[in-house]
Amino acid sequence: MQSELQQLNNAHHLQPFSDNKALAKSGPRIIERAQGVYFYDSNGNKFLDGMAGLWCVNLGYGRKELADVAHQQMNQLPYYNLFFQTTTTPTTKLASKIAELAPAHMNRVFFTGSGSEANDTNFRMVRRYWDLKGQPNKKTFISRANAYHGSTVAGASLGGMDYMHKQGDLPIPGIVHVDQPYWFGEGQDMSEDDFGIKAAQSLEQKILEIGEENVAAFIAEPFQGAGGVIIPPKTYWTEIKRILAKYDILFILDEVIAGFGRTGEWFACQYFDLKPDLITIAKGMSSGYQPIGGVIVSDKVADVLIEEGGDFNHGFTYSGHPVAAAVALKNIEILEQERIVERVKNEISPYLQKRWQELADHPLVGEARGLGMVAAIELVKDKSTNERLEADCKGGGICRDFAVANGLVMRPCGDTMIISPPLVITKDEIDELISKAKKTLDDTANFYGISTTDSDK
Ligand SMILES: *Cc1c(COP(=O)(O)O)cnc(C)c1O
């Protein structure tokens, strides 16, 4: 029997990234409250949120300071826009704070309401930049297969998700895709290092094919998130840097997941030693307590837009919304005061990654990988061949259902199981996460009739 709320939901709510027909049968889980790294559903079930919502609740749930600052800002000024020569105090303070934390060559922020809008902003800003530079032919964006850059028309087109492209005739013209650096999935016939170089060189081949004079920018996530926590081989970024230095194209680093501490640095460009021209931000910027995103703009790009550009005819009603900005600013202040980014780097991510590696011993796990506060395991039927559990990658969904039954949120991407917990997770909570993940792997192995008694390496 479904509850009244579930029935109302089935009748009236068309949900994003959901099979609404299947959902109507099962009835959605209704999430009612949350505290720390846990949330509770309407049946009183408790879950350890291994995904921090959708990679965003970095401070964990229930931070009263964030609610208080929103309340205060709503009372003082619930809304004003940034168009036509105005700003608001929290928005300007937030821009200045982000510029302080960002790499030295980046000193301005353009605000949006989400990560997708931020990548749409990149799309327009980069084309505007090249027009102003007198190189209007430089229009083509190069992205990567299996990238995620959001769900708007430009965001989904920049992304490399086939299942999204199929719906709505995407990508739009002017966006092409090159190889992703997914060694476990696509490169096992060569060494990880060689594969990293090969994947990177697909960018150079594409630049030469299209002609440098026609290429606007390369966009990439520092590690792919929604694609399955894909961490490039060590050689990859080194080779990409060589290519970016050789050709006159802009580099957009999409740090919607990685930004604001998830790697143990404020930004992943610091972790990987990269020098982007534009950085996409959202998610962890406000720990998801308010919707806000933006683009951190390098001086190189900003100077051209400002000095030569006149009006940039782009923006959103809710660009840099004052309540969202006040919450984001408070979120960053807490990250600083509680030294959470340092704690991730020196204490919590080493512990998480050490314990996560124990899963590699499980008969169902072909690879365990991670960095900072993200991690993944690859589910396989046979560790010696890395053959998948089922031909169509259904094993991940089965494993996810067992995780949920065990009170743990892990997300499947095909047969890859991923986590991205709140940055504030404690060691005890990590222990709980690992033991629930082990139990989940055992349950999944039993389901497929695979023995778990000998943990051969
Ligand atoms: C989530 C995500 C986006 C899109 O952000 P929204 O706020 O959902 O629009 C863009 N890029 C990356 C890397 C993301 O993970």
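Ratio to report: Rg/Rh of region 381-455, with Cα atoms as the point set and Rh obtained by the Kirkwood method; give two decimals.
Working: Rg = 13.0 Å, Rh = 13.1 Å.
We get a ratio of 0.99 for region 381-455.
Quick one: what does P(r) look like for region 177-240 with 5 Å bins over all Cα pairs, in whole %?
P(r) over region 177-240, rounded to whole percents: 4, 19, 28, 24, 15, 9, 2.
Run the simple label-point estimate for Q2 and T238 please: 7 Å along Cα→C-beta, distance reported in nm.
About 5.5 nm, to one decimal.
Between S26 and T89, how high is the FRET efficiency from 1/(1 + (r/R0)^6) when r is the Cβ-Cβ distance and R₀ = 56 Å? Nearest 0.05.
Details: r = 46 Å, r/R0 = 0.82.
Using R0 = 56 Å, I get an efficiency of 0.75.
Over region 1-75, what is the relative contact order in whole percent, taking alpha-carbon pairs under 8 Å and six or more residues apart? Walk me through the numbers on the way to the answer.
On the way: 56 pairs, mean separation 14.4, N = 75.
That works out to 19 percent.
For V178, enumerate residues with amide H under 5 Å from its amide H, sequence gap 5+ or separate chain, H modeled in the peptide plane.
S143, R144, A145
Need one number: nm distance between label points at E336 and Y79, each 7 Å from Cα along Cα→Cβ, rounded to one decimal.
A separation of 3.0 nm, rounded to one decimal place.
Given a 1.4 Å probe and heavy atoms of the protein chains only, how would you sort M1, M410, largest accessible area at the top? If you can, show how the numbers build up before the last one.
Working: M1 220, M410 5 Å².
Largest accessible area first, the residues go M1, M410.
Give me the extension gain from K133 to Q357: residue separation times 0.36 nm, minus the current Cα-Cα distance, reported in nm with one decimal.
On the way: separation 224, 0.36 × 224 = 80.64 nm, distance 4.89 nm.
Here the answer is 75.8 nm.
Quick check for region 206-276: number of Lys pairs with alpha-carbon distance under 16 Å, counting only pairs 8 or more apart or on different chains?
On the way: K206/K241; K206/K246; K241/K275; K246/K275.
Here the count comes out as 4.
Testing the spin-label approximation: label points 7 Å from Cα along Cα→Cβ at H314 and S451. State their distance in nm.
6.0 nm
Return the lysines within reach of K330: Cα separation strictly under 17 angstrom, same-chain partners fewer than 8 residues apart disregarded; answer none if there are no such residues.
Those lysines meeting the cut-off are K64, K93, K97, K283.
What whole-number value in cubic angstrom gives the convex hull volume per residue for the C-alpha atoms of the chain? Write out the running numbers ahead of the final one.
On the way: hull volume 70.6 nm³, N = 457.
Taking only Cα atoms, the chain has a hull volume of 155 Å³ per residue.
What is region 310-457 by shape, rounded, prolate or oblate, if you read a ≥ b ≥ c off the alpha carbon gyration tensor as root eigenvalues and call it rounded for a/c under 1.5, prolate for a/b larger than b/c, and oblate otherwise?
Working: a/c = 2.73, a/b = 1.81, b/c = 1.51.
Cα axes put region 310-457 in the prolate bin.
Given just the C-alpha atoms of region 128-242, how large is their convex hull per residue in cubic angstrom?
Values: hull volume 12.4 nm³, N = 115.
Per residue, the Cα convex hull of region 128-242 comes to 108 Å³.
Rounded to whole Å and ordered largest first, report the semi-axes of the equivalent ellipsoid of region 66-337 derived from its Cα gyration tensor (root of 5λ).
Numbers: eigenvalues 193, 91, 56 Å².
Result for region 66-337: semi-axes of 31, 21, 17 Å.
For region 294-376, state which trypsin sites (Lys or Arg not before Pro) are in a DSSP loop and have at most 15 other beta carbons lying within 10 Å of their beta carbon.
On the way: sites: K300, K330, R339, R343, K345, K354, R355, R369; in loops: R339.
Answer by residue number: R339.
Setting aside same-chain residues fewer than 8 positions from K436, which lysines have a Cα under 22 Å from its Cα?
K46, K354, K381, K383, K394, K427, K457
What FRET efficiency comes out for E213 versus S384 if R0 is 41 angstrom and r is the Cβ-Cβ distance? Round to the nearest 0.05.
Details: r = 49 Å, r/R0 = 1.20.
It comes out at approximately 0.25.
Compute the signed sum of charges (Lys and Arg +1, Asp and Glu -1) over the other residues within less than 12 Å, Cβ to Cβ, of L408.
Summing Lys/Arg as +1 and Asp/Glu as -1 gives +1.
Compute the distance from the alpha-carbon center of region 408-457 to that of region 1-48, in whole Å.
23 Å
Which net charge results for the neighbourhood of M285, defined as the other residues with beta-carbon distances under 12 angstrom from its beta-carbon, given Lys and Arg at +1 and Asp and Glu at -1? Before the final figure, lay out the partial values.
Working: positive: K97, R262, K283, K330; negative: E255.
Its environment carries a net charge of +3.
Equivalent ellipsoid semi-axes for region 238-304, as square roots of 5 times the alpha carbon gyration tensor eigenvalues: give them largest first, rounded to whole Å. Walk me through the numbers before you get to the answer.
Working: eigenvalues 109, 45, 13 Å².
Each semi-axis is the square root of five times an eigenvalue, giving 23, 15, 8 Å.
For the chain, calculate the relative contact order in percent as a whole number, restricting contacts to Cα pairs under 8 Å that are 6 or more residues apart. Intermediate values should be presented prior to the final figure.
Numbers: 882 pairs, mean separation 89.4, N = 457.
Averaging sequence separation for qualifying contacts and normalising by length gives 20 percent for the chain.
May I ask you to give the solvent-accessible area per residue for region 370-457, in square angstrom, as obtained with a 1.4 angstrom probe? Intermediate results must be reported in sequence, preceding the final value.
Details: 3570 Å² over 88 residues.
For region 370-457, the per-residue accessible area is 41 Å².
Around D41, what is the net charge, scoring Lys/Arg as +1 and Asp/Glu as -1 over all other residues with Cβ under 10 Å from its Cβ? Write out the running numbers ahead of the final one.
Working: positive: R29, R33, K46; negative: E32.
Net local charge, D41 excluded: +2.
Once the Cα gyration tensor of region 12-109 is found, what semi-axes does its equivalent ellipsoid get, as square roots of 5 times the eigenvalues, in whole Å, sorted largest first?
Values: eigenvalues 241, 66, 57 Å².
One finds semi-axes of 35, 18, 17 Å for region 12-109.
The values are calculated or read from the model by the stated rules, or taken from the named source; none is laboratory data. Values in this document were obtained by computation on a predicted structure and should not be read as measured data. Virtual Cβ from ideal backbone geometry, glycine too; neighbours counted across all protein chains shown. For the accessible areas, the whole protein counts, side chains as well, though only heavy atoms, and no ligand, DNA or RNA atoms are used. Shrake-Rupley method; radii C 1.70, N 1.55, O 1.52, S 1.80 Å.
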